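One structure is given here, and the rest of the page talks about it.
The values are calculated or read from the model by the stated rules, or taken from the named source; none is laboratory data. Computed from a predicted model, the values in this text were never measured in an experiment. Cβ placement follows ideal geometry from the backbone for every residue including glycine, while neighbour counts extend to all protein chains displayed. What goes into the accessible areas is simple: the full protein's heavy atoms, side chains included, and nothing from ligands, DNA or RNA. Shrake-Rupley method; radii C 1.70, N 1.55, O 1.52, S 1.80 Å.
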Amino acid sequence: MASKRKVCIIGAGPCGTSALFHFDQISDSATEVVCYEKSDTWLGLWNFTWMTGTDEFGEPCHGGMYKHLWSNGPKEGLEYPYYTFTDHFGKAIPSFLPRPAMRDYLEGRLVKKSKSDIKRFIKWNTAVRYVRYNKKSDDFTVTTENLKTGQTFDTNFTHVIVAVGIFNTPDKPYFEGIETFPGRIIHSHDFRDATQFKGQRVLVVGAKYSAEDIALQCLKFGATSIVTSYRSSPMNFKWPVGIEERPLVKKIQGKVVHFLDGSSTEVDSIILSTGYKYKFPFLEDNLRLSSSRTLYPAGLYKGSLWLQEGNKKLFYMGVQDQFFSFTMFDAQGLWICRYITDTLPNKLTNCEEMKKEAQKWVQRCRGLKGINEQIDFQADFIKDLSYGTGYSPDAPKANKFFHKWDSDKKANIVSYRDQQFTSLYSGTETAPCTKPWFQNFDDSISQFIKR
């Protein structure tokens, strides 16, 4: 008879709910699952909140979602093999969704495809304060706090899954003279509404996805001009009139921003789209992953199983840089579930062999050149995770959508969201957009599916 397992999942975002979903599908009577979520709802950063800084409990605001956000990747590269967008909406829809429609789809999978009500596994408004591994008893003590009552509890678990994501602790660089700037300075984590910058000259510091999208959002909603500032290399898109790129900020004198190329300009607001830090303060030191943003953090077998401490019973989800996002989380959640419940064929258990295997992936990751190699690397990662788990072998084939997506962005950064794709799983061809994205100011679900 199998020994009893008690699994702690930290976070009920897209990662944590994917793990929950698969534990529910397997329905292993020897495994008890508890998920701690510090908010009162699931799906993490796909929820919009007006709050910035701290929430109603004085906790750091976890999500950085903003109004009018649309997905920046085609839905055909993100959809679940067993629950397509056509399954959910009952019709063909465009490839790029506004936030409310994407959240609706994610919730639909959890509600309609789960065997049972998986919300019963979740303890809401509960923050995890500390996790420590007990060598003697080979388990973990998880200290939690009910944010409504202030009560704290210690609970022991055989396994822990860390599923809080990597987009919750802003990285805020310092520039000489920034304290002299008289306008508004925010990190993109606190960006909530592009209309607040209407009529302004905006500096966006950064050259990754958030910088790209926030620059476009500000222009779309009426900013006078946007300058983006890059550290290593420019984004080099064919920007519309009103957006330009310059090298990194050198110093700031009042409203005047000086750049490393010797140029300068006046701005009214500064948005730091400078990324996030990997931060897991609730874990004891020897359980804590430390990494820069990468497609394969070191120290994790299958990009998931922590190898340094915890006797191969601590797991991380969603700590990779992401193209496939939801399908990657889904494949990862299934692999972790099968590993914990001993339903994985040819399961590797030798730690040294695991370390060697993980290092091969880390080395390959370090040698990647360009975005197309990165996309194919993540496709191979999903394929590797899926081996023996029963996950769809078609999922990695979505790499072709991301190759086209990258090409579309290079051709026209404003119109790439207007392009069409065909689902791998349903064969449904994208419905044409009723309006080009740059001219569409209504991101409601009703307007989106209306055609």
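Tabulated data for the structure shown
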quantity	calculated
Size of electric dipole in the stretch 178-272: Cβ of Lys, Arg +1 and of Asp, Glu -1, about Cα centre, debye, nearest 20	40
Simple spin-label estimate for residue 369 and residue 407 in nanometres, 7 Å along Cα-Cβ	2.1
Rounded to 10°, Cα long-axis angle of helix 399-411 versus longest principal axis of the chain	10
Surface share of carbon and sulfur [accessible, 1.4 angstrom probe, percent] for the stretch 178-272	48
Protection proxy ranking of 207-219, 400-412 - average other beta-carbon atoms within 10 Å, highest first	207-219, 400-412
Of the trypsin sites (Lys or Arg not before Pro) in the stretch 1-49, those whose Cβ has at most 14 other Cβ within 10 Å and which sit in DSSP loop	4
Helix 326-340 axis, angle to the chain major axis (alpha carbon atoms, nearest 10°)	20
Residue 308/residue 400 FRET efficiency (R0 30 Å; Cβ-Cβ; nearest 0.05)	0.25
Kirkwood hydrodynamic radius (C-alpha pairs) into Stokes-Einstein, the chain, 20 °C and 1.002 mPa s, D in µm²/s	93
Rg(Cα)/(2.2 N^0.38 Å) for the stretch 178-272, N = residue count	0.96
Sorted peptide list for 82-91, 298-307, criterion being average Cβ within 10 angstrom, highest first	298-307, 82-91
